[in-house]
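Notes follow the structure.
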Amino acid sequence: MISRKELAKMIDHTNVKPTATTDDIKLLCNEAIKYGFKCAVINPTYVPLAVKLLKNSEVSVCSTVGFPLGVTLPEAKACEARILAESGCKELDMVINLSALKSKDYTTVKNDVKAVVDVKRSYPDLIIKVIIETGYLTDEEKIVACKLCKEAGADFVKTSTGLLVGKATVEDVRLMRKTVGDKMGVKASAGIRTLKDALAMIKAGANRIGTSTGVQIIEEIKE
């Protein structure tokens with residue numbers, strides 16, 4: 001069985017609800033420190049607060065880009081990414097341009113991701129995860145999306161925002177891992193609420209779990 005510490009380092013402890021309050025974010029960050037989660041994931045408006053609260057901890061600040069619809073301009077996403085990196089974010093979860101993907105405009109999809117990835121030139125340790133929103137995609141589209149993200153230089157592909165349709169599935173994670181290979185990250189997110197859920201995603205190939213119930217999942221492990 002995986003240990004609490006090992007699993008915690010794979011969890012992005014998340015609150016990206018549009019109604020999240022300052023107190024909610026303070027609680028999220030305090031829990032992230034207590035349990036040793038990999039990241040605290042918050043919307044951009046709370047990045048300064050999270051950076052302050054997580055200073056001198058091992059928890060990274062992660063925020064969102066083009067969230068949750070993904071249909072903003074590449075230049076806007078790049079600008080947002082740069083501001084967030086300058087503000088102290090170590091990881092960014094961006095949303096793919098679903099409209100372009102559905103239109104088979106693959107050049108636009110790839111360039112959109114690359115615009116954010118290019119921010120790594122100034123912040124080489126920045127980790128870019130791309131949400132492909134699997135609930136809207138056919139298997140063929142999932143494969144294409146993953147390949148484009150990999151070609152654009154992203155660090156991870158991620159299943160879902162958790163705010164729109166669908167949730168992470170074992171089948172999708174397995175397909176994503178098969179498509180991107182062993183060296184690229186796969187993040188499973190949305191609907192992962194129990195230890196059983198998390199372990200199933202890890203077995204399928206996920207090496208990062210996005211969840212708002214990280215505390216409950218960790219506490220299921222009896223040590």
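Table for the structure above
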read-out: Sparse-neighbourhood loop sites, GluC sites (Glu not before Pro) in segment 2-87 - DSSP loop, at most 13 other Cβ within 10 angstrom; value: Glu58
read-out: Estimated 222 nm signal from helices in the chain, with DSSP H stretches of n ≥ 4 weighted -39500 (n - 2.57), rounded to 500; value: -13000 deg cm²/dmol
read-out: Rough spin-label spacing in nm, given labels placed 7 Å along Cα→Cβ, for Leu49 and Glu140; value: 4.5
read-out: Lys102-Lys147 FRET efficiency (beta carbon distance; Förster radius 22 Å; 0.05 resolution); value: 0.85
read-out: Gaussian network model of the chain, Cα within-10 Å springs - most flexible of Ile131, Ile192, Ile143; value: Ile143
read-out: Long-range HN-HN contacts of Thr211 with modeled amide H, under 5 Å; value: Asp12, Thr14
read-out: Within straight-line cross-link reach of Lys26, aspartates and glutamates at Cα separation under 17 Å, skipping those fewer than 8 residues along the same chain; value: Asp12, Glu58
read-out: Distant-in-sequence amide H partners of Val65 (H built 1.01 Å from N, under 5 Å); value: Asp93, Met94, Val95
read-out: Simple label model, 7 Å out from Cα along Cβ direction - Ala20 to Lys203, nm; value: 3.0
read-out: Correct choice for P(r) over Cα pairs in 10 Å bins from 0, in percent that was computed from the model, options (1) 7, 27, 32, 24, 8, 1; (2) 7, 31, 35, 22, 5, 0; (3) 9, 37, 38, 15, 1, 0; value: (3)
read-out: Rounded FRET efficiency, nearest 0.05, which uses the C-beta distance separating Ile221 from Asp118 and R0 of 41 Å; value: 0.55
read-out: Placed amide H near Ile127: partners under 5 Å, 5+ positions off or other chain; value: Glu91, Leu92
read-out: Among Thr22, Thr179, Thr72: highest mean-square fluctuation, GNM of the chain, C-alpha pairs under 10 Å; value: Thr22
read-out: Cα-Cα over 27 Å, subset of Lys129/Lys178; Lys158/Lys222; Lys5/Lys120; Lys90/Lys222; Lys9/Lys203; value: Lys158/Lys222; Lys5/Lys120; Lys90/Lys222
read-out: Highest-fluctuation residue, Arg177, Arg121, Arg193 considered, GNM on the chain with Cα pairs under 10 Å; value: Arg121
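Each reported figure results from applying straightforward, stated rules to the coordinates on display, with no laboratory input. These numbers come from a predicted model, not from an experiment. Using ideal geometry, Cβ is built from the backbone for each residue, glycine included, and neighbour counts are taken over all protein chains shown.
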